[in-house]
């Protein structure tokens, strides 16, 4: 078990190193950083001075080493457009994105599992068929369109929910939360649904397919022959076996939820990291882009690691084969 | 005569498909007495397993029991609502399936699966159920049960898993155990142990056993009586010695002739020509008539009913005293 975790951990570090190289390369291949800092009427001498002070005259390896060491301390340089440290900009935006991503994932998992289980157990009912149809829409409609449709319906026509922003937020130390105010919660509803809809349909279809598969297995037939209650069979034996792949997908999807919150944040003007990133792209603000890249990869790698470890918790077979292998 | 534990009368099971309604079981009748082991033997698709599933009420749609009666210790159980038949399953009828490797839920400890079953059918406490589970594991011959109870299915060998499955089947002390090919997936030495175990349990608890198999060796070793099934009907039923040594039905004769013997001379085994008809194309009259060496006109039109022949009953016109007159 320990060796397994350690091995996965080393692999994760390898991935992060590779991403670090790419992020570092962005600075060098997206044009001369000096040009992006200075204005047109800066003299050549001043440019050379800036170049020297930024350490751009050092060998590439030295520069990479310095970048790497700084990155380990969460120092990602200074944003070109805001003239502020990137790390504090990201930290300021992180709570908004994380709250949105967590709400979206919770929505996706709860609704997805419920609908999936229902449509597997009551396959021929009208409601189950409706779920299937709705899931098709959820999978095929692009996120921004769903967001705009929701805004049109609930913000413009009905006027129930705010169309943009986070509402009032409460400061808890460095963290800001919208979960404690009514306007914050109201503002969270539409972005969460927009962001989580794709994941929800994915989870629903996965749960349905897995559940149908599991219900056909011998151990379910044997559980019925043992006279267990239908509830114990469906929600104990069948659902637990269904959840193994669902955990993987939901976990991995959490990374994409954070990474792809860019679109939802843009549609709803949600003051999170995704919006910051879009602004950075428009202004060629490379320090922010590079830091965002590193951070999203870190989230993905961490989630992968956690999912791998969680797997062994849910499935005892993996536990012992892993133990034996080590 | 005391009341049989299981009494099946004229059982019919149909599978409704888009093209046609297929009759998998057509007029099967038999009894199993307390402590008796009835073997049910036949080729694949003869309806052995379906009969077992029908008794325990686990025929899945599109299949359904379309006729006949099933009585368990005098109470009719074939038309009970789902909730009531569920209470009988596992409590009064235990079932053992063919493949022990897939019969147990891989994500649950075997102890939890046994305790869950015990607590579904009795009102024992968790602790008492656990104690009973350990006793059961000991009874089915699992060494160090107090340790093994916390193991997961994948930590057991095939034979050991089948013992766990048997422990699960008997945990509420059922009156009847249906064993659907319990040894087919096991290797020969383990087969013998499992058969001995089922036999011992039947004897110790007075449980009736319905043993479905296509292995004549298992039947000869274990059973008191045997029913030979063909095309959803019982061709012959009787005490095992009689049916094995002196089969009456031409199909049973063919089946027994196909058993290899160690002492046997070096000649080819007898083979029944042709194969069993598909459910959609069962010939009229006796379903065996196209393959039968003794076929005569009546076999092609008239369906034979079981005829008493001493301790045996055989569904064949050859044994009808008035065979030439009818039809």
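Under the shape rule built on the C-alpha gyration tensor, where the axes satisfy a ≥ b ≥ c, chain A is oblate, since a/c reaches at least 1.5 while a/b does not exceed b/c. In percent, rounded to a whole number, the relative contact order of chain B is 20, using alpha-carbon pairs under 8 Å and six or more apart.
Here the Gaussian network model covers chain B, with springs between Cα atoms less than 10 Å apart; of B:315, B:258, B:24, B:258 fluctuates the most.
Is the shape of the stretch B:24-85 rounded, prolate or oblate, going by the alpha carbon gyration tensor and its root eigenvalues a ≥ b ≥ c, with a/c under 1.5 for rounded and a/b larger than b/c for prolate? Taking the square roots of the gyration eigenvalues as a ≥ b ≥ c, the stretch B:24-85 is oblate. Legend: ranking of residues B:171, B:223 from fewest to most surrounding C-beta atoms inside 10 Å; resulting order B:223, B:171.
What is the angle, in °, between the Cα long axis of helix A:2-29 and the longest principal axis of the Cα atoms in chain A? Nearest 10 is fine, range 0 to 90. The two axes meet at around 40 degrees.
All Cα-Cα distances of the protein assembly as shown, cut into 10 Å bins from zero to the largest, leave 3, 12, 17, 17, 14, 12, 9, 7, 5, 2, 1, 0, 0 percent in each bin in turn.
Full extension of the segment from residue A:141 to residue A:189, taken as 0.36 nm per residue of separation minus the current Cα-Cα distance, would add 15.4 nm. Relative to the longest principal axis of the Cα atoms of chain B, helix B:110-121 runs at roughly 80 degrees. Calculated mean residue ellipticity, 222 nm, chain B: -9000 deg cm²/dmol, from DSSP H runs (n ≥ 4) at -39500 (n - 2.57) each, averaged per residue and rounded to 500.
Spin-label model, residue A:155 to residue B:126: label points 7 Å out along the Cα-to-beta-carbon direction sit 5.0 nm apart. The smallest convex shape that holds all Cα atoms of the stretch B:169-223, its convex hull, gives 74 Å³ per residue. Extension gain for the segment residue A:47 to residue A:123, taken as residue separation times 0.36 nm less the Cα-Cα distance, is 20.4 nm to one decimal. Calculate the length of the line joining the C-alpha centroid of the stretch B:70-124 to that of the stretch B:127-190, in whole Å. Each part reduced to its Cα centre gives a spacing of 14 Å. Centre-to-centre, using Cα atoms only, the stretch A:205-247 and the stretch A:1-64 are separated by 51 Å. Note on chain A: GNM, Cα springs under 10 Å; of A:114, A:56, A:197, the largest mean-square fluctuation is that of A:56. Residue by residue along B:101-110, Cβ atoms of other protein chains within 10 Å of the local Cβ number 6 on average.
Arranged from fewest to most other beta-carbon atoms within 10 Å of their beta carbon, A:292, A:80, A:152 become A:152, A:80, A:292.
When chain B is treated as a Gaussian network with alpha carbon springs shorter than 10 Å, the biggest mean-square fluctuation among B:137, B:11, B:279 belongs to B:279. Dividing the summed helix terms, -39500 (n - 2.57) for each DSSP H run of n ≥ 4, by the number of residues in chain A produces a 222 nm estimate of -24000 deg cm²/dmol to the nearest 500.
Shape call for the stretch A:17-100 from the C-alpha gyration tensor, a ≥ b ≥ c root eigenvalues: rounded (a/c under 1.5), prolate (a/b greater than b/c) or oblate?
oblate
Going from the fewest other Cβ atoms within 10 Å to the most, the residues A:28, A:216 appear in the order A:216, A:28. Once the chain from residue A:64 to residue A:110 is taken as fully extended at 0.36 nm per residue, the excess over their C-alpha distance is 12.2 nm.
Legend: mean number of C-beta atoms from other chains within 10 angstrom of residue C-beta atoms, peptide B:162-174, equals 1. For the stretch B:177-288, the Kirkwood estimate of hydrodynamic radius, built from reciprocal distances between every pair of different alpha carbons, is 15.7 Å.
What number, in percent, do you get for the relative contact order of chain A if the mean sequence gap of Cα pairs under 8 Å and at least 6 apart is divided by its residue count? Once divided by the residue count of chain A, the mean separation gives 26 percent.
Computed over the stretch B:13-55, the range of Cα coordinates on each principal axis works out to 43, 18, 15 Å, biggest value leading.
Does anyone have the angle between helix A:44-53 and the longest principal axis of chain A? Alpha-carbon axes, 0 to 90°, nearest 10? Approximately 50 degrees, to the nearest 10. Per residue of A:225-238, other chain Cβ atoms within 10 Å of the residue Cβ number 6 on average. Taking one equal scatterer on every alpha-carbon of chain B, how large is log10 of I(q)/I(0) by Debye at q = 0.07, 0.10, 0.13 1/Å? The calculated log intensity ratios at q = 0.07, 0.10, 0.13 Å⁻¹ are -0.30, -0.61, -0.99. In angstrom, the C-alpha Rg and Dmax of the stretch A:48-153 are 24.1, 74. In the stretch A:41-97, Cα pairs under 8 Å separated by at least six residues give a relative contact order of 15 percent.
Quick note: the coordinates plus some simple rules give every number you see, no bench work behind them. Computed from a predicted model, the values in this text were never measured in an experiment. So basically every Cβ, Gly included, is an ideal-geometry build from the backbone, and we count neighbours across all protein chains shown.
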